[in-house]
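Enquirer: Got a structure for you, written out below as structure tokens; questions coming shortly.
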Amino acid sequence: MSSGIVFLSDVQVNFDPTSLSSVWSLCYTATYALPMNSSVTTSVLTNCNKTKLLLGCRPVGNTTLNVAAMGNRSDVLYNCSTTSSCVYTANGVGWYYSNFYSWGFARGGDPVNRYSCDVDSTNPSYRLCWHTHGSYGGYRCGSRLGLNSATDWEKVIYHSD
């Protein structure tokens, strides 16, 4: 195993993915403009199939992720359906997922208000939300909101065993 970060707790701000151990690999990236409906989500999760996932986002062309968090696959994919305040706290992160509503995280212990993406303003820099329905590809990267069709912001997923 090479040196580098193998696993981190809590939500990370201004995270450099080049600091990750080589056990992590990039398995998905797309701009916020690309819709993430259930068929896309299924394809993403087929490609990002390892036991740990890292979700992050950044402006296109940047290496550093504005916000990122990692966790066990089962935690990152905790199904909250359409429940607006649902989160599953693990590894210091409040995770939520639904393949027909939204997918994202907030700091562990912070509230979320999924409508359908999280619009809560508590610790905004520590939040990420992607729509998983309709014609929108995302909504939030930290404190940047309204990224539904942004071509200059991207979603990033790494995975590891």
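What follows is calculated from the coordinates using simple rules that are stated; it is not laboratory data. This structure is a prediction, so every number in the text was calculated from the model and none was measured. Quick reminder, even Gly has a Cβ in these numbers, built from the backbone with ideal geometry, and neighbours come from all protein chains shown.
Enquirer: Neighbouring Cβ atoms within 10 Å as the yardstick, rank Ser116, Ser102 fewest first.
Expert: Arranged by neighbour count, lowest to highest, Ser116, Ser102 become Ser116, Ser102.
Enquirer: Could you work out the Kirkwood radius for the chain, taking every pair of different alpha carbons, averaging 1/r and inverting it, reported in Å?
Expert: Kirkwood hydrodynamic radius for the chain: 15.1 Å.
Enquirer: Can you sort Phe100, Phe15 by how many other beta carbons sit within 10 Å, fewest first?
Expert: Phe100, Phe15
Enquirer: Sticking with this one: Using the basic label-point model (7 angstrom from Cα toward the beta carbon), what is the Thr42 to Ser121 distance in nanometres?
Expert: Using points 7 Å along Cα→Cβ, the separation is 4.0 nm.
Enquirer: Calculate, in nm to one decimal, what Ser143 and Ser9 gain on full extension: separation in residues at 0.36 nm each, minus their alpha carbon distance.
Expert: Extra length from Ser143 to Ser9 when fully extended: 46.2 nm.
Enquirer: Using the basic label-point model (7 angstrom from Cα toward the beta carbon), what is the Thr31 to Thr83 distance in nanometres?
Expert: Between Thr31 and Thr83, the label points sit 3.6 nm apart.
Enquirer: For the chain, set up a GNM with springs between Cα atoms under 10 Å and report which of Ala106, Ala90, Ala69 has the largest fluctuation.
Expert: Sorting by GNM fluctuation, first place goes to Ala90.
Enquirer: Please compute the modelled spin-label separation between Asn49 and Asp152, points set 7 Å along Cα→Cβ, answer in nm with one decimal.
Expert: 3.8
Enquirer: For Tyr32, Tyr139, Tyr78, which order do you get if you count the other beta carbons within 10 Å of each Cβ and list the fewest first?
Expert: Tyr78, Tyr139, Tyr32
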